[in-house]
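Student: Can you read through this structure? Questions will come right after.
Throughout, read-outs are computed from the coordinates displayed, never taken from laboratory work. It should be emphasised that the depicted structure is a prediction, and the values quoted were computed from it without experimental measurement. With ideal geometry, Cβ positions are generated from the backbone for all residues, glycine too; neighbour counts draw on all protein chains shown.
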Amino acid sequence: MRPDGSPSSLRDALAAGWRELALYVGAGVVYVAIGVAFPEFLFSWPVAAGYLVTCVVLLPALVRFVRVRTERR
């Protein structure tokens, strides 16, 4: 990583892009599975938006936080 936060190489940039794509695809697959199992749960767009934010933003941030915390021990 460069000091400004940008990837230092094309390979790093592509890897970050693939990780982000995998998050969205994984969230979509789980969302469809929940929709098949419990169709009435996913009828409102606020639930869908909250689910997407939780899966793509909050869970990865939580995983990073736990990893950093366990590495410091």
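Student: Using the membrane-span-like helix rule (whole DSSP H runs, Cα extent along the own axis of at least 30 Å, mean Kyte-Doolittle hydropathy at least -1.0), which helices of the chain qualify? Intermediate values should be presented prior to the final figure.
Tutor: Values: long enough: 10-37 (40 Å, 1.15).
Going by DSSP H runs, the hits are 10-37.
Student: Among Phe65, Trp45, Trp18, whose Cα lies farthest out toward the positive end of the dipole of the chain, if unit charges sit on the beta carbon of Lys, Arg (+1) and Asp, Glu (-1)?
Tutor: Result: Phe65.
Student: Simple spin-label model, 7 Å along Cα-to-Cβ: Arg67 to Leu14 in nm?
Tutor: 2.1 nm
Student: Moving on to the next point. Can you compute the helix-only [θ] at 222 nm over the chain? Use -39500 (n - 2.57) per DSSP H run of at least 4 residues, normalise by all residues, nearest 500 deg cm²/dmol.
Tutor: Details: 3 runs with 51 residues, N = 73.
Per the formula, -23500 deg cm²/dmol.
Student: Could you work out the Rg to Rh ratio of segment 10-72, with Rh taken as the Kirkwood radius (inverse of the mean 1/r over all Cα pairs)?
Tutor: Numbers: Rg = 14.6 Å, Rh = 13.3 Å.
We get a ratio of 1.09 for segment 10-72.
Student: Label-point separation (nm) for Tyr51 and Val30, each offset 7 Å from Cα along Cα-to-Cβ?
Tutor: Label at Tyr51, label at Val30, 1.1 nm between them.
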